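Read-outs throughout are calculated quantities, based only on the coordinates presented, and are distinct from any laboratory measurement. These numbers were taken from a predicted model, which means no experiment stands behind them. A quick note on method: Cβ atoms are made from the backbone with ideal geometry, for glycine too, and the neighbour counts reach across all protein chains shown.
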Amino acid sequence: MKDIVPSPPPLVRNDVAAVQALFQQNVVPSYGRFEIVLSHGSGSYLYDITGRRYLDLGGGIAVSSLGHAHPAITEALVEQSRKVIHTSNFYYHEPQGRLAQALVNLIGPGKCFFCNSGVEANEGLFKLARKFGHDEGRFEIITTVNSFHGRTLAGIAATGQEKVKKGFDPMVPGFRQVPYNDLAAMRVALSPATAAILVEGIQGEGGVTPAAPDYLLGLRQLCNEKKLLLLMDSVQCGHFRSGRFQSFQRILEGVPGGESFLPDGISMAKSLGGGFPIGAFWVRAPYADLLGAGSHGTTYGGSPLACAVALRILDVIQREKLADNTRQVGGFLKTGLQQLADKYPTVIQTVRGLGLMLGMELAPNIPNLSGDSAKTPATRFVNLLHSAGLLAIPAGAQVIRFLPPLNLRQGEAEEGLKLIESVVARLAG
Ligand SMILES: Cc1ncc(COP(=O)(O)O)c(C=O)c1O
């Protein structure tokens, strides 16, 4: 039978240059992309269109919590899409209510709001803080140097890195940064206009730096004393990545007063949807009704499909005890990286992080580090890892981030360590 509508041109197969050309001609060049053209994935592996396999220790920047093509995610997508994909938030539906309940049970008494990304979850927290301080004329949110809170106008104003702000002046007012893990600096920075403090439990983009236990407890005390909201950006470090649901739960384990610690608001995204876009924020009980009807919203937020996927991921994490796996395999990977740092100090300076959120800081001036000198050492190092068959993510100029699936196997971590050593040994030699 003759086609009524002309067929689209055939898909480009195994042609890296042709796919890259499609991007060059048609996609806004706002990302510095690596050369690889990916095709598909399975578990902890991704494959490029030439058939080359990569061990994915980057996890799509801490997103692919169950790895690639996980059957439970496929099933949730198929089952829910057969019922209903989208309803809008004019109506109730069970998956959103059940997901909110699951998150409240994992964090503490409060309520949840659903959106579509990490920065949108942070925007919700910013609005919560403004509403909280509004009647007293307080609006300011203090954040930290080297933080990352997303790419919207308020997101870049909150972020403590000049590179994301450049060219987008004037900044949204009401955000100031002070050094991270420095309680005294935070105290000094507060003004009569301050309404909230926002920190990451583990700074991700800034180089994988966990908050010190005393810092978190001190921030809580400071916020109680000055009647401020303590907000935490858990977009990258949350969702069991540290080995507990929230990184502060892991950081404060065994610390006196730690088990009762709770911030007032938490933003989430990334691993929550395992690759299906969903963001959320949780707000502690006393403030849970601050954002009343008509004050905040988004068309897609908490759709039946997104919530069904997030619920299924939580179910798999619980059934397969992936929090324990994250601690064990993460501990194994961290020990292995530390051993490499001890063996090759001219290449690896330090190893940091918790669970499966690990950072490897490169030594300054690695002599044999090849590649375009206009690119950062971290980017050049990641290119070498790619050539060895491993994906990882640069963080800042000097740090390599490992944010693999939470179901990474020990054997895969071992394989990763071998691939990393093959690169490091060459640079040291
Ligand atoms: C800590 C943190 N907050 C916010 C964001 C922004 O999330 P999204 O890119 O989903 O908007 C990121 C993204 O990397 C992040 O790491």
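For segment 233-301, the relative contact order comes to 26 percent (Cα pairs under 8 Å, sequence separation of at least 6). Here is the size of segment 289-385 from its Cα atoms: Rg then Dmax, 20.9, 59 Å. Over all other residues within a Cβ to Cβ distance under 15 Å of Gly292, the charged ones net out to +2, with Lys and Arg as +1 and Asp and Glu as -1. Inter-label distance, Thr50 to Ala285: 5.9 nm, where each label sits 7 Å from its Cα along the C-beta direction. Expressed as a whole percent, the proportion of Cα-Cα pairs in segment 53-132 lying more than 21 Å apart is 50%.
Using the alpha carbons alone, the radius of gyration of segment 127-175 stands to its Kirkwood radius in an Rg to Rh ratio of 1.00. What shape does segment 9-87 take by its C-alpha gyration tensor, where a ≥ b ≥ c are the square roots of the eigenvalues and a/c under 1.5 counts as rounded, a/b above b/c as prolate, and the rest as oblate? Cα axes put segment 9-87 in the prolate bin.
What does the convex hull of the Cα atoms come to per residue for segment 10-56, in Å³? Kindly include the intermediate steps, with their values, before the conclusion.
Values: hull volume 4.2 nm³, N = 47.
About 90 Å³ per residue, rounded to a whole number.
Of interest is the spacing of the C-alpha centroids, which for segment 59-80 and segment 239-310 amounts to 19 Å. Residues whose amide H lies under 5 Å from that of Thr350, counting only those 5 or more places away or on a different chain, are Glu361; hydrogens are built 1.01 Å from N in the peptide plane. Note on segment 196-269: Rg/Rh from Cα positions, Kirkwood definition for Rh, rounded to two decimals, is 0.93.
Each residue of segment 152-168 is assigned a 3J(HN,Hα), and the resulting list reads 6, 4, 6, x, 6, 5, 6, 5, x, 9, 4, 4, 7, 8, 3, x, 10 Hz, derived from the Karplus form 6.51 cos²θ - 1.76 cosθ + 1.60 (θ = phi - 60°), x at Gly and Pro.
Under 15 Å from the Cβ of Ile49, count the other residues' Cβ atoms, weight Lys and Arg +1, Asp and Glu -1, and hand me the total. Please report the intermediate quantities before stating the final value.
Numbers: positive: Arg13, Arg33, Arg52, Arg53; negative: Asp15, Glu35, Asp48.
Around Ile49, the charge tally is +1.
Note that segment 399-404 has calculated 3J(HN,Hα) couplings of 10, 9, 9, 10, 9, x Hz, one per residue in order, obtained from phi through the Karplus relation 6.51 cos²θ - 1.76 cosθ + 1.60 (θ = phi - 60°); glycine and proline are x. Any idea how far the Cα center of segment 106-142 sits from the one of segment 355-383, in Å? Value for the Cα centre distance between the two parts: 36 Å. GNM remark for the chain: springs join alpha carbons under 10 Å apart, and the peak mean-square fluctuation among Ala193, Ala308, Ala76 falls on Ala193.
Positive end of the dipole of segment 273-343 (Cβ unit charges, origin at the Cα centre): among Ala310, Gln339, Thr298, the Cα lying farthest that way belongs to Gln339. Overall shape: prolate for segment 1-153, with the ratio a/c of the largest to smallest alpha carbon gyration tensor axis at 1.5 or above and a/b above b/c. Note on the chain: with charges restricted to the Cβ of Lys and Arg (+1) and Asp and Glu (-1), its dipole about the Cα centre is near 120 debye.
In a reduced charge model with +1 at each Lys and Arg Cβ and -1 at each Asp and Glu Cβ, segment 46-173 shows a dipole moment near 80 debye about its Cα centre. The value of relative contact order for the chain, using C-alpha pairs under 8 Å at least six residues apart, is 21 percent.
For the peptides 256-263, 23-30, 83-90, 152-159, residues were scored by their other Cβ atoms within 10 Å and the scores averaged per peptide; the highest-first order is 152-159, 256-263, 83-90, 23-30. Here's how it looks for Gln203: its modeled amide H is under 5 Å from those of Thr209, Ala211, which are all 5 or more places away or on a different chain. Charge dipole of segment 370-415 (Cα centre as origin; +1 on each Lys and Arg Cβ, -1 on each Asp and Glu Cβ, all else neutral): 180 debye, rounded to the nearest 20. Would you report the distance distribution of C-alpha pairs in the chain as whole percents per 10 angstrom bin, up to the bin with the largest distance? The distribution over the chain is 4, 21, 30, 27, 14, 4, 1, 0, given as percents. Only Cα pairs under 8 Å and 6+ residues apart enter the sum, and on that basis the relative contact order of segment 215-271 stands at 43 percent. With a bin width of 10 angstrom, please list the P(r) values of segment 136-267 as percents of all Cα-Cα pairs, from the 0 bin to the one holding the largest distance. P(r) over segment 136-267, rounded to whole percents: 13, 46, 33, 7, 0.
Below 13 angstrom from the Cβ of Ala154, what's the summed charge of the other residues (Lys, Arg +1; Asp, Glu -1)? Don't jump to the answer; show the numbers that get you there.
Working: positive: Lys127, Arg130, Arg151, Lys165; negative: Glu120, Glu123, Glu140, Asp233.
Net charge in that neighbourhood comes out at 0.
Membrane-span-like helices in the chain (whole DSSP H runs, Cα extent of at least 15 Å along the helix axis, mean Kyte-Doolittle hydropathy of at least 1.0): 304-319.
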